[in-house]
1. Regarding the range 158-168, can at least one residue be identified that is at pLDDT 90 or above, open to solvent by less than 40 Å² (accessible area, probe 1.4 Å), part of a loop (DSSP other than H, G, I, E, B) and not hydrophobic (A, V, I, L, M, F, W, C)?
2. With ASP94, ASP80, ASP99 as the choices, which residue is more than 20 Å from HIS137 (Cβ to Cβ) and among the acidic types (Asp, Glu)?
3. Restricting attention to the range 79-93, and to residues there that are in a strand (DSSP E or B) and open to solvent by 20 Å² or more (accessible area, probe 1.4 Å), which single residue is modelled with the lowest pLDDT?
4. Does ILE45 meet the test of being touching a Lys or Arg at 6+ places or on another chain (Cβ under 7 Å), modelled with pLDDT of 90 or more, more than 26 Å from SER100 (Cα to Cα) and hydrophobic (A, V, I, L, M, F, W, C)?
5. Strands (runs of 3 or more DSSP E) wholly in the range 12-78 with at least 3 residues that are more than 25 Å from VAL135 (Cα to Cα) - which ones?
6. So for the range 121-128 (the condition being among the aromatic types (Phe, Trp, Tyr) and at pLDDT below 85), does at least one residue qualify?
7. I need every pair where a residue in the range 15-32 that is free of Cβ contacts under 8 Å to residues at least 40 places away in the same chain has its Cβ under 6 Å from the Cβ of a residue that is surrounded by 20 or more Cβ atoms within 10 Å (Cβ to Cβ) and of a type in the set (Gly, Ala, Ser), sequence separation at least 6 or different chains.
8. Consider only pairs whose beta carbons are under 7 Å apart and that are at least six residues apart or on different chains; among these, list those whose first residue lies in the range 35-59 and is touching a residue at least 24 places away in the same chain (Cβ under 8 Å) and whose second residue is in a loop (DSSP other than H, G, I, E, B) and of a type in the set (Asp, Glu).
Amino acid sequence: LGGFLDFKIKDKHHCLYIGTERGLLKLDKNTGVISRIHDQAVDQINVTDLVKDSSGRIWISSDKGVFRKDADKDEFVKIDLSSANRKSLTDVIDLLLDDSGNLWITSWNTGLFKYVLQEGKLYSYTSGDMSEAYVLHQDRKGNLWVGTWGRGLLRVGREEILNGTFSY
């Protein structure tokens, strides 16, 4: 069906989206039918994570960047995560939606990024140990925990997240 099955998330229609190393699958829980998603945007991507926001949108990280599926649409859209001094992010490893509705992104050998959904803006935190950001977790107190590749575990406090200044 598509290689290694890794990440899964359910939409509001009770369909289960399954990320694989060769793209996306969809399980219709009403019929029991599993089908490959044939959408040019996400065809043959290596899915690394799936998250769902409070609006029911599904966010997908992959080797080709970040994609979004709106709750009431069947199409996938690539999110432009480029800036004036950087080409678009690829090799995205992990996603985390924080309790403020921001999408945190780690990208292989590139660092930590915050995508503010309401603004459509990308902020980078790529200096020092953050350049090796790999996995993300937010605890009950709102702290962001960043697991790095070879540089340890970093904690970013809630206030630092809110005001955008990190001192880890």
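The values are calculated or read from the model by the stated rules, or taken from the named source; none is laboratory data. Keep in mind that this is a model prediction, so the values were computed, not measured. All Cβ positions, even for glycine, are placed from backbone atoms using ideal geometry, and neighbour counts span all protein chains on display. These accessible areas exclude ligands, DNA and RNA; they are computed on the full protein's heavy atoms, side chains included. Shrake-Rupley method; radii C 1.70, N 1.55, O 1.52, S 1.80 Å.
1. First pass over the range 158-168, keeping only residues at pLDDT 90 or above: none.
Scanning the range 158-168 turns up no residue that is at pLDDT 90 or above, open to solvent by less than 40 Å² (accessible area, probe 1.4 Å), part of a loop (DSSP other than H, G, I, E, B) and not hydrophobic (A, V, I, L, M, F, W, C).
2. Matching residue, one of ASP94, ASP80, ASP99: ASP80.
3. Kept after step one, since they are in a strand (DSSP E or B), are these residues of the range 79-93: 83, 86, 92-93.
After this cut, where a residue has to be open to solvent by 20 Å² or more (accessible area, probe 1.4 Å) as well, the list is 83, 86, 93.
On the way: SER83: 62, ARG86: 66, ILE93: 92.
So, considering only residues that are in a strand (DSSP E or B) and open to solvent by 20 Å² or more (accessible area, probe 1.4 Å), the one modelled with the lowest pLDDT is SER83.
4. Working: touching a Lys or Arg at 6+ places or on another chain (Cβ under 7 Å): yes; modelled with pLDDT of 90 or more: yes; more than 26 Å from SER100 (Cα to Cα): yes; hydrophobic (A, V, I, L, M, F, W, C): yes.
Against the criterion (touching a Lys or Arg at 6+ places or on another chain (Cβ under 7 Å), modelled with pLDDT of 90 or more, more than 26 Å from SER100 (Cα to Cα) and hydrophobic (A, V, I, L, M, F, W, C)), ILE45 qualifies.
5. On the way: elements: 15-20, 23-28, 33-36, 47-52, 58-62, 65-69, 76-78.
Hits in the range 12-78: 23-28, 33-36.
6. Pass one, the range 121-128, residues among the aromatic types (Phe, Trp, Tyr): 123, 125.
Applying the additional criterion that residues be at pLDDT below 85 yields 125.
Yes: one or more hits.
7. Sorted first by the residue in the range 15-32, then by its partner, the list stays empty.
8. ASP39/GLU75; ASN46/GLU21; ASN46/ASP63; GLY56/ASP11; ILE58/ASP11; TRP59/ASP53
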